[in-house]
Amino acid sequence: MAAVTGVVVRPWLWPAATVQVLRLARPGWWHRWPPVPRPDPALWRFRMETAYGGDGDAFPEAPDVRSFLHWSRDMRHWRRL
């Protein structure tokens with residue numbers, strides 16, 4: 001929850017966060033109830049395991065999320081050049 005709060009108070013990161021949420025979302029997420037763009041549990045576990053080690057049950061901390069969103073926003077900018 002701290003990661004979400006860390007992004008909510010930084011509106012300039014909202015577009016990058018929206019893009020990342022939709023990229024991580026399970027394909028066809030809008031066909032399942034409730035229609036919330038959640039990542040596939042196996043993908044999420046894999047991403048957390050590769051980022052933090054362990055068995056993938058870690059949750060990203062706010063500074064890590066903000067850093068990732070800054071990075072992804074910058075990469076989108078450089079791809080357009």
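Listed values, structure above:
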item	result
Residue satisfying all of: in the stretch 40-55; surrounded by 13 or more Cβ atoms within 10 Å (Cβ to Cβ) and charged (D, E, K, R); nearest to V7 (Cα to Cα) among these	R47
Number of the condition not met by A58 [criteria: (1) among the aliphatic types (A, V, I, L, M); (2) in contact with a Phe, Trp or Tyr (Cβ under 7 Å, 6 or more places away or on another chain); (3) open to solvent by 70 Å² or more (accessible area, probe 1.4 Å)]	(3)
When residues of the stretch 61-81 are limited to those that are without any contact (Cβ under 8 Å) to a residue 60 or more places away in the chain and touching a helix residue (DSSP H, G or I) at 6+ places or on another chain (Cβ under 7 Å), the one most open to solvent (accessible area, probe 1.4 Å)	E61
Number of positions in the stretch 7-23 that are open to solvent by 40 Å² or more (accessible area, probe 1.4 Å) and within 12 Å of the chain's Cα centre (by Cα)	6
Residues satisfying the stated conditions in the stretch 38-56, i.e. of a type outside the set (F, W, Y) and either under 16 Å from Q20 (Cα atoms) or under 13 Å from the mean Cα position of the chain (by Cα) (or both)	R38, P39, D40, P41, L43, R45, R47, M48, A51
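The values are calculated or read from the model by the stated rules, or taken from the named source; none is laboratory data. Quick caveat, the model's predicted, so the values are computed rather than measured. Heads up, the Cβs are rebuilt from the backbone with ideal geometry, glycines too, and the neighbour counts pull from every protein chain shown. SASA here: full protein model, heavy atoms, side chains in, ligands and nucleic acids out. Shrake-Rupley method; radii C 1.70, N 1.55, O 1.52, S 1.80 Å.
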